[in-house]
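Accompanying notes for the structure given below.
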Amino acid sequence: MKITKPAFILIICVAALSCQSRRDQVIERPNILFIIADDLADRLACYGDSVAVTPHLDKLAARGVLFANNFCQYPTCGPSRASLFSGLYPFESGYTHNSPGTFNEHLPDLVSLPRLFRENGYYTARVGKIFHMGIPGGIGGPGTDDTLAWDLAVNNSGYDADLEVWENAIHVGDETGPGVRVVYDAPQIEDSEMADGQGLEAAIQILKENNSKKTGKPFFLAYGMYRPHPPMIVPEKHWEAIKISKYKIPYVPENDREDIPEINFHLKGAGFNFIPNAQGIQYAHAYYAAIHFVDELAGKLISELEKEGLAENTVIVFTGDQGFHLGEHGHWHKSTMFEEACRVPLIIVDPRQKEKGEKCTNLTGLIDIYPTLCDLVGIEPPHQLSGLSLVPQLNNVEVPGKKYEFTMGSPLGYGIRTSSHRYTEWRKDNINADYSMLYDLENDPDEFENLAGNPEYSDVIKELHGILDSMKFSK
Ligand SMILES: [Ca+2]
Ligand SMILES: [Ca+2]
């Protein structure tokens, strides 16, 4: 077909308009600032913790919605993060351990959350631990990163990445290996010497260089902090900010572990079981100091976002990958199917949302982050997602959500959390519940009495067992 001159001009105009409209659509999408702290339980002041000192995160929560009953989908770093960034439960993706290799090698058919944003016109940048990496050995490396997700990936390192620093810190317990001991220290160094401090500087530079108001392109900046993951090496000034006398070693009944399946403490020989009280208090002090450190770094990054004039066009997500015991059941670590290890903070701030400073008490999970961010920016998810968008709750925290949340783990347990109970089965060949735990959280919030063998609870067990049966676990 011969194109006449006016028609040709018209085609150019339409093409230009279409390009312009696509560009406008991209520019109108908000930026995403995603902040995740490693092994951070919901022990923040805004979550009601009386020891934690977290002024910046409290201020952040006052601008958005705090999800008060939020759970990870696996209480161990790698599978938890793979679930968050794939939008699938661990049994659906098969990513159920801290395996080596990259996310995209493991799950080649899945588009991760940041990769999806990259493919939809976002400038994407990672600083620190977003996908799994071992701590401290993996600090400064890419870990299991999705190599297709980022325009820029920063492998920040620092003082605490040095294995000699780990060696010279205070060690409790006689097991070998960096991951199975209680290790802490309070060096007199600046935050900027720590790996996370180096990460903050990189993240601030990325914000400045990729200010969407100047570039015309929205960004997805993910800043992953290595603390409070052990070893809890935290600059001394953060220890000084904590009044540790407010912390009390949790009461543990003498026979507490008799009704807990051994598999729930599969690392029971490790050096973080029943450590002496004096060292427990020190370790709790280190953990809260690390939270104070995390709070200050997150606060500085958010403040820089404001200075760049981006607060009104940026969605902020703050979360952790799994919780942490501070002596509950005599445990000083993570990876159990108890509340302490499964609960994680989740704060979402979207300048456009109606609710500000409200708490949503629905059962939610890290699995909901993928659909929520897609919903907030209008990107179609690339595959079926197993979580639910939390956008309705950002506008009205009273909107009902799920009846239960699912957490798998410790290792290969299948756990259901309802508003009143926590129920976990460890299934042999995915058919029979060989071991199980049921806790009545209304009457026994400390999960001391395992009711799995109690006939008075047979109806509850039948219902929760039925929910697990209805989920199609992959082998
Ligand atoms: Ca972790
Ligand atoms: Ca017990």
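The values are calculated or read from the model by the stated rules, or taken from the named source; none is laboratory data. Values in this document were obtained by computation on a predicted structure and should not be read as measured data. Note that each Cβ is placed from the backbone with ideal geometry, even for glycine, and that neighbours are counted across all protein chains shown. What goes into the accessible areas is simple: the full protein's heavy atoms, side chains included, and nothing from ligands, DNA or RNA. Shrake-Rupley method; radii C 1.70, N 1.55, O 1.52, S 1.80 Å.
The table below lists the values:
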| quantity | calculated |
| --- | --- |
| In the stretch 114-158, the residues that are among the small types (Gly, Ala, Ser) and part of a loop (DSSP other than H, G, I, E, B) | Gly121, Gly134, Gly137, Gly138, Gly140, Gly141, Gly143, Ala149, Ser157, Gly158 |
| One residue from Lys300, Lys354 being outside any helix (DSSP H, G or I) and assigned by TED's automatic domain parsing to the domain that holds Glu193 | Lys354 |
| Pairs where the first residue, in the stretch 396-411, is closer than 24 Å to Gly64 by Cα and assigned by TED's automatic domain parsing to the domain that holds Asp321 and the second is part of a strand (DSSP E or B) and among the acidic types (Asp, Glu), C-beta under 8 Å, 6+ apart | Val397/Glu358 |
| Residue under evaluation Asn104, criteria (1) out of contact with any helix residue (DSSP H, G or I) (no Cβ under 6 Å at 6 or more places or on another chain); (2) in contact (Cβ under 8 Å) with a residue 60 or more places away in the chain, criterion not met | (2) |
| Some residue of the stretch 119-133 being surrounded by fewer than 18 Cβ atoms within 10 Å (Cβ to Cβ) and either within 29 Å of Glu380 (Cα to Cα) or touching a Phe, Trp or Tyr at 6+ places or on another chain (Cβ under 8 Å) (or both) | yes |
| Residue match in the stretch 329-337 (condition: aromatic (Phe, Trp, Tyr), within 16 Å of ligand 2 (Cβ to nearest atom), touching a residue at least 12 places away in the same chain (Cβ under 8 Å) and in the same structural domain as Pro114 (by TED's automatic domain parsing)) | no |
| When residues of the stretch 306-323 are limited to those that are under 19 Å from the mean Cα position of the chain (by Cα) and among the β-branched types (Val, Ile, Thr), the one farthest from ligand 2 (Cβ to nearest atom) | Val315 |
| Extreme residue, farthest from ligand 1 (Cβ to nearest atom), among residues of the stretch 216-258 that are among the small types (Gly, Ala, Ser) and over 18 Å from Leu297 (Cα atoms) | Gly216 |
| Test: Ala202 is in the same structural domain as Ala278 (by TED's automatic domain parsing), under 22 Å from the mean Cα position of the chain (by Cα) and surrounded by fewer than 23 Cβ atoms within 10 Å (Cβ to Cβ) | yes |
| The stretch 246-263, residues that are surrounded by fewer than 16 Cβ atoms within 10 Å (Cβ to Cβ), away from ligand 2 (no atom under 13 Å from the Cβ) and either polar (S, T, N, Q) or not in a loop (DSSP other than H, G, I, E, B) (or both) | Lys246 |
| Checking Ala278 against (1) of a type in the set (Gly, Ala, Ser); (2) touching a Phe, Trp or Tyr at 6+ places or on another chain (Cβ under 9 Å); (3) away from ligand 1 (no atom under 16 Å from the Cβ), the condition it does not meet | (2) |
| In the stretch 433-444, residue modelled with the highest pLDDT [restricted to those that are open to solvent by 80 Å² or more (accessible area, probe 1.4 Å) and in contact with a strand residue (DSSP E or B) (Cβ under 9 Å, 6 or more places away or on another chain)] | Glu442 |
| Residue tally, condition out of contact with any Ser or Thr (no Cβ under 6 Å at 6 or more places or on another chain) and open to solvent by less than 30 Å² (accessible area, probe 1.4 Å), over the stretch 410-428 | 11 |
| Residues satisfying the stated conditions in the stretch 222-246, i.e. more than 24 Å from the chain's Cα centre (by Cα) and not aliphatic (A, V, I, L, M) | Glu236, Lys237, Glu240, Lys243, Ser245, Lys246 |
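So that you can scan it fast, the table gives a plain yes or no per residue for (1) under 24 Å from Gly94 (Cβ atoms); (2) small (Gly, Ala, Ser); (3) within 16 Å of ligand 1 (Cβ to nearest atom):
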| position | (1), (2), (3) |
| --- | --- |
| Thr407 | yes, no, yes |
| Ser419 | no, yes, no |
| Asp434 | yes, no, no |
| Leu438 | no, no, no |
| Leu441 | no, no, no |
| Asp444 | no, no, no |
| Glu447 | no, no, no |
| Ala452 | no, yes, no |
| Ser458 | no, yes, no |
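Residue-wise test of (1) open to solvent by 10 Å² or more (accessible area, probe 1.4 Å); (2) modelled with pLDDT of 95 or more; (3) within 16 Å of the chain's Cα centre (by Cα).
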{"position": "Ala270", "(1), (2), (3)": "yes, no, no"}
{"position": "Asn273", "(1), (2), (3)": "yes, no, no"}
{"position": "Ala284", "(1), (2), (3)": "no, yes, no"}
{"position": "Val294", "(1), (2), (3)": "no, yes, yes"}
{"position": "Leu301", "(1), (2), (3)": "no, yes, no"}
{"position": "Glu328", "(1), (2), (3)": "yes, yes, no"}
{"position": "Cys342", "(1), (2), (3)": "no, yes, yes"}
{"position": "Ile347", "(1), (2), (3)": "no, yes, yes"}
{"position": "Pro351", "(1), (2), (3)": "yes, yes, no"}
